[in-house]
Amino acid sequence: MSNLFSSNAAEGYKQGSLSVQKVDGEKFIQTDVCPQAGDAILDLGCGTGELSAYLADLVGPEGKVVAVDPDKERVLLAQQSYGNVKNLSFVEGSASNFPGIGSQSYDIVFSNQVIHWIPDKEEVFKNVFGSLKSGGKLAARYIERLPSFVVSAYKVLNPENTERLCGMFHGEEKAKTEQYCSSAGFRIIKSYDLMNSQLVFQNIHNLLKWIWTLTHGVFDPNLVTDERLQRYYPYSSRDGKPPFDFRGIKEESAVCHLIAVKQAGDELKTLDVTHCK
Ligand SMILES: C[S@@+](CC[C@H](N)C(=O)[O-])C[C@H]1O[C@@H](n2cnc3c(N)ncnc32)[C@H](O)[C@@H]1O
């Protein structure tokens, strides 16, 4: 398997981001994030920056997007891909350390498929709250648990690595995440589930490559033997044959969507947070 993964994990993630994250991320931006021209947006956990660039386009030249990620390789690739976009900057950082932290300067903090990788959620919501303007919006997509086809891949294909791989994930029940959000001072406007509409892989190589990139290269293709693959197939889709299609299977593809507003007294009365205009 290892010789099939010719790119580095960040490049692989970029391809996966386009095929697994982008469409649903953009849909969320259109329906619930609703950026306005001139907005200042923080993209927290931007990955290789596909959605950051989309946001930068929507806020226009008067607005700006600051995109942050702790993965140096992904930030570098994002800078190479979108370095020519004037109102967009990519910075190595994290939910504990990003430009404008605590500055009450952002209109929107956007975070797509990130919160479940961060252990200290109390800190995330506190830092985001302190960085938003009064009346500003948090818009996040996250998952509560890893899809079982991913956990099975860890266990069957990478038993030597399973503990480390599972230890990277910090998903929590939706009710608990909402609690962190409210405790930080946010008013939750919407919280709902949708299935990932792109979770389909044409062959086993694409599926395993997605897991490899998702884990920043920790999932080790060198450990995937033919014998292990045979044992994995029954977990890889309902009939064990490609394409491996997890769309429509709730426990594999459910994604939580959260929209919350920083309490702003009377300003809330005039703020349209439910639909894009
Ligand atoms: C599944 S990717 C999503 C990337 C991007 N938002 C997208 O939609 O393609 C999750 C990202 O969260 C980042 N991440 C992990 N821990 C983080 C933290 N503590 N603060 C901010 N981002 C973090 C990872 O480096 C990774 O790029």
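So here's what we get for this one:
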| read-out | value |
| --- | --- |
| Test: residue in the range 157-165 that is under 18 Å from the mean Cα position of the chain (by Cα) and of a type outside the set (S, T, N, Q) | yes |
| Check on Ala254, of a type in the set (Gly, Ala, Ser) and touching a helix residue (DSSP H, G or I) at 6+ places or on another chain (Cβ under 7 Å) | no |
| Positions within the range 173-192 being surrounded by fewer than 17 Cβ atoms within 10 Å (Cβ to Cβ) and either touching a His at 6+ places or on another chain (Cβ under 9 Å) or assigned to a helix (DSSP H, G or I) (or both), in sequence order | Ala175, Lys176, Gln179, Ser182, Ser183, Lys190, Ser191, Tyr192 |
| Some residue of the range 112-126 being part of a loop (DSSP other than H, G, I, E, B), surrounded by fewer than 21 Cβ atoms within 10 Å (Cβ to Cβ) and in contact with a helix residue (DSSP H, G or I) (Cβ under 8 Å, 6 or more places away or on another chain) | yes |
| Positions within the range 111-125 being more than 8 Å from the ligand (Cβ to nearest atom) and under 19 Å from Leu55 (Cβ atoms), in sequence order | Ile115 |
| Asn97 vs. criteria within 18 Å of Asp69 (Cβ to Cβ), within 11 Å of the ligand (Cβ to nearest atom) and free of Cβ contacts under 8 Å to residues at least 12 places away in the same chain | yes |
| Members of the range 27-45 found to be away from the ligand (no atom under 13 Å from the Cβ) and of a type in the set (Val, Ile, Thr), listed by number | Thr31 |
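Residues checked against (1) within 14 Å of the ligand (Cβ to nearest atom); (2) within 24 Å of Ser134 (Cβ to Cβ); (3) under 16 Å from the mean Cα position of the chain (by Cα); (4) crowded, with 19+ Cβ neighbours inside 10 Å:
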residue	(1), (2), (3), (4)
Gly47	yes, no, yes, yes
Leu51	yes, no, yes, yes
Gly63	no, yes, no, yes
Val66	yes, yes, yes, yes
Glu73	yes, no, no, no
Asn84	no, no, no, no
Gly102	no, yes, no, no
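Every read-out reported here was derived from the displayed coordinates using simple, explicitly stated rules and does not represent laboratory data. Computed from a predicted model, the values in this text were never measured in an experiment. Note: ideal-geometry Cβ built from the backbone for every residue, glycine included; neighbour counts use all protein chains shown.
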